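Input: a single structure, listed below in structure tokens.
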Amino acid sequence: MAGKIVCLSLALFYSCSFLKPEDGSHYQVIEEVNVIDVVQGKLLTSQTVVLKDSLIHFIGKEWRVPANAQITTINGRGKYLMPGMWDMHFHLAWDAGNDSLLFDVLLAHGITGVRDMGGDLAIQRAMKQKVAGNPTSGPALFGAGPILDGNPPVMYDFTIPIDDSSGQVEFLLDSLVEAGSDFFKTYSLIQEPIVEEIAAYAQEHQLSFAGHLSEYIEPERSIQLGQKSIEHLNRLEEIWQADTARITRIAALMKEQGTWLCPTLLVYFVKANRRDSALVQSTYEPFIHPFLQQEWASSRARRMSKNSEEDWERQASLFEQQKALVGFLHQQGVRILAGTDFAGMPYVYPGVGLQQELQLLHEAGLSNAEVLATATIHPAIFMGIQDKSGTVAIGKYADLVLLRENPLEGIDAIAKIDQVFRRGRGVLSINRDRGDTR
């Protein structure tokens, strides 16, 4: 082990095999690996990283092997170890078959956690139980369940419409929590009095609400009420174009109140490039539900028949402004979460979509290190699990991605995956000669 693992013995000439059994545990030892510190944006070079059970057991230069330990050695020389990633805007629990369809492709792309932004709580509960029974079967899941919207709502799928006359908000939220909601998602047409009730309930029960900025509430009010994350750029981009001073004040308020932004830039990229045949990625079609495939094709055909050349040029210009807005909010101190809106937007593919989103965040002005944070430590902090997740550190869950290139030098390195670990077990091993994870 190149001198990086040291065996203790009563005499120097004894080999490890002669030591009295003391442990008998199994360890995975990644030797000579470069550990990516996603908080400081730095490398810890040539480290020995030891995994035991589901946790990171040791990080350092020299590890003293327990007697009688069972060891699997992994050559990490010239490779880079980073935390597993989260897609923080995903729609997974809308079909009971999505676990068998999507779990493997998510893990293969280094996604070890998903925040579900709207779906069926019974399906979500079944998926959570499956992963709890075998963590290597899929990513961790943190989900809202049904979307809460005004009456009538934007859409009826997985949505509960609420109006002022319902008088049942507390009862509804109790039932959602009982059924497994981790937080509440609010949508575009929900009324201010209802949001106030949701915010009060969330605060009392140490929960949170996140989602769209409603058309019926000023963004400042939603932020003051405690909206934990703003999804997409709706409302914000309109203010950005009309009143720079106001968007500066909103950014300051978001920073003060701890409101995050999940911009889903990939959504806007797809809107601007929907006529581009490159959007249709046949490699990923096996992971797309037939219903979605039909919906995507119909949506693209409608848009292509309707849009003029001027429309496409206008959309491309708007996309550049949207990227500029994300860069501006980031510069103002607003914390960013990486999310794709899979199943919420046509031609957003699972797994590779997060790689595309991270590239777009880099184009918006985030450094490579800051981009990595949006999918690792930021999600952990957002969900309050940073003591067990989000960084490569002793005592944290061994949800890890081993890369062949350094993402601090080029964010596209996140596609150069050598191996993925889920709770300390390797779930994917890629041939070094392959250039991607497909």
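The values are calculated or read from the model by the stated rules, or taken from the named source; none is laboratory data. Nothing here was measured: the structure is a model prediction, and the numbers come from that model. FYI the Cβ positions are ideal-geometry reconstructions off the backbone, even for glycines, and counts take in every protein chain you see.
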Of residues in region 191-234 being buried (at least 24 other Cβ atoms within 10 Å of the Cβ) and of a type in the set (Ser, Thr, Tyr), the one farthest from Gly150 (Cα to Cα):
Ser229
Counting residues that are within 23 Å of Ala272 (Cα to Cα), which helices (runs of 4 or more DSSP H) fully inside region 325-438 reach at least 2?
352-363
For Gly167, all conditions in the list (1) within 19 Å of the chain's Cα centre (by Cα); (2) free of Cβ contacts under 8 Å to residues at least 12 places away in the same chain hold save one; what is the number of the exception?
(1)
May I ask you to list the residues in region 139-158 that are closer than 13 Å to Ala93 by Cα and at pLDDT 95 or above?
Pro139, Ala140, Leu141, Phe142, Gly143, Ala144, Gly145, Pro146, Ile147
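Can you name the residue in region 376-414 that is of a type in the set (Gly, Ala, Ser) and over 15 Å from the mean Cα position of the chain (by Cα) and, of all such residues, is nearest to Asp53 (Cα to Cα)?
To start, the set of residues in region 376-414 that are of a type in the set (Gly, Ala, Ser) comprises 380, 384, 389-390, 393, 395, 398, 410, 413.
Imposing the further condition that a residue be over 15 Å from the mean Cα position of the chain (by Cα) reduces the set to 393, 395, 398, 410, 413.
Values: Ala393: 15, Gly395: 11, Ala398: 9, Gly410: 32, Ala413: 28 Å.
Ranking the qualifying residues of region 376-414, first place goes to Ala398.
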Can you find even one residue in region 92-100 that is more than 18 Å from Gly390 (Cβ to Cβ), among the acidic types (Asp, Glu) and either in contact with a strand residue (DSSP E or B) (Cβ under 7 Å, 6 or more places away or on another chain) or free of Cβ contacts under 8 Å to residues at least 12 places away in the same chain (or both)?
no
A careful count of residues in region 248-271 that are aliphatic (A, V, I, L, M) and farther than 22 Å from Met88 by Cβ gives 1
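Please return the ranges of strands (runs of 3 or more DSSP E) entirely within region 42-148 where 2 or more residues are farther than 27 Å from Gln28 by Cα.
Numbers: elements: 42-52, 55-60, 63-65, 70-75, 80-83, 85-90, 111-116, 140-143.
Here the list reads 85-90, 111-116, 140-143.
Of the residues Ala278, Ala272, only one is among the hydrophobic types (A, V, I, L, M, F, W, C), exposed (fewer than 13 other Cβ atoms within 10 Å of the Cβ) and within 26 Å of the chain's Cα centre (by Cα); which?
Working: Ala272 fails: exposed (fewer than 13 other Cβ atoms within 10 Å of the Cβ).
Going through Ala278, Ala272 in turn, the sole match is Ala278.
For every residue, the table says whether it meets (1) surrounded by 17 or more Cβ atoms within 10 Å (Cβ to Cβ); (2) under 27 Å from Pro350 (Cβ atoms); (3) hydrophobic (A, V, I, L, M, F, W, C).
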site: Gly24; (1), (2), (3): no, no, no
site: Lys52; (1), (2), (3): yes, no, no
site: Thr72; (1), (2), (3): no, no, no
site: Tyr80; (1), (2), (3): yes, yes, no
site: Trp86; (1), (2), (3): yes, yes, yes
Might you let me know whether region 108-120 holds any residue that is within 17 Å of Ala210 (Cα to Cα) and of a type in the set (Gly, Ala, Ser)?
yes
Can you pull out every residue in region 323-342 that is farther than 12 Å from Cys262 by Cα, surrounded by fewer than 24 Cβ atoms within 10 Å (Cβ to Cβ) and either in contact with a helix residue (DSSP H, G or I) (Cβ under 7 Å, 6 or more places away or on another chain) or among the aliphatic types (A, V, I, L, M) (or both)?
Lys323, Ala324, Leu325, Gln332, Gly333
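In the same structural domain as Phe269 (by TED's automatic domain parsing) and under 21 Å from the mean Cα position of the chain (by Cα): does that describe Ala202?
Values: in the same structural domain as Phe269 (by TED's automatic domain parsing): yes; under 21 Å from the mean Cα position of the chain (by Cα): no.
The answer is no for Ala202.
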